[in-house]
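To keep things clear, I will list the structure first and then write my remarks on it.
Every read-out reported here was derived from the displayed coordinates using simple, explicitly stated rules and does not represent laboratory data. Computed from a prediction, not measured in an experiment: that's the story for all the values here. So basically every Cβ, Gly included, is an ideal-geometry build from the backbone, and we count neighbours across all protein chains shown.
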Amino acid sequence: MKLRSLKEDDSAVSITVGFILTFSITVIILVTILSSFYSLMNTAEQTVMRDEFEIHANDIAVRIATIDTMVGTATSSGSDIGELEYELSLPERIAGKPYSIGFDNSTKDIVFVSQGRDETMVKVPYYTENTVLFSTTLQSPKGEYTIQYDSGNNAIIIS
């Protein structure tokens, strides 16, 4: 019996085995790249949502503070306030998703959150010295809201 060197014997190398190995490695690399790209896009979407939420929440906080300041100035000068109201227009969806806006009187926060995605939650504080803001939650599909002062309750109502 004659012994052969296996290192130099290529008669048993199959083209099919080489193709399957190359194809498998290519598929694994492609899946890894696509999944990392998907997670990167998801992170970018959440960042956009949080940024948009902060912009809108800060705008609402400024409007609340403006109404509160007007009420404080008017009452300190002895004036009566008949009607004070802001029209507030917000997009129905941000990054293609509906969202909710919560106003919490106990913590004095405006809370924006996309439905089903707690990682997009944004809390922006508001300040009222002369009035009270009624706690409420708004849903985004409405799009048009009003911020009004109720002189009977000395409160700001958002609806």
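A few remarks follow.
- Residue 117 paired with residue 14, simple spin-label distance in nm, labels 7 Å along Cα-to-beta-carbon: 4.8 nm
- Cα Rg over Rh - the chain, Kirkwood: 1.51
- Paramagnetic reach from residue 58 (point 7 Å along Cα→Cβ, amide N under 18 Å) across segment 121-159: 121-127
- Result for the chain in a Gaussian network model with C-alpha springs under 10 Å: among 111, 122, 62, the largest mean-square fluctuation is at 62.
- Under-22-angstrom lysine pairs by C-alpha in the chain, whenever the two are 8 or more apart or on separate chains: 4
- Cleavage-rule hits, trypsin sites (Lys or Arg not before Pro), segment 30-107, DSSP coil, Cβ neighbours within 10 Å at most 13: 93
- Most mobile listed residue (55, 110, 28) in the chain, GNM with C-alpha springs under 10 Å: 28
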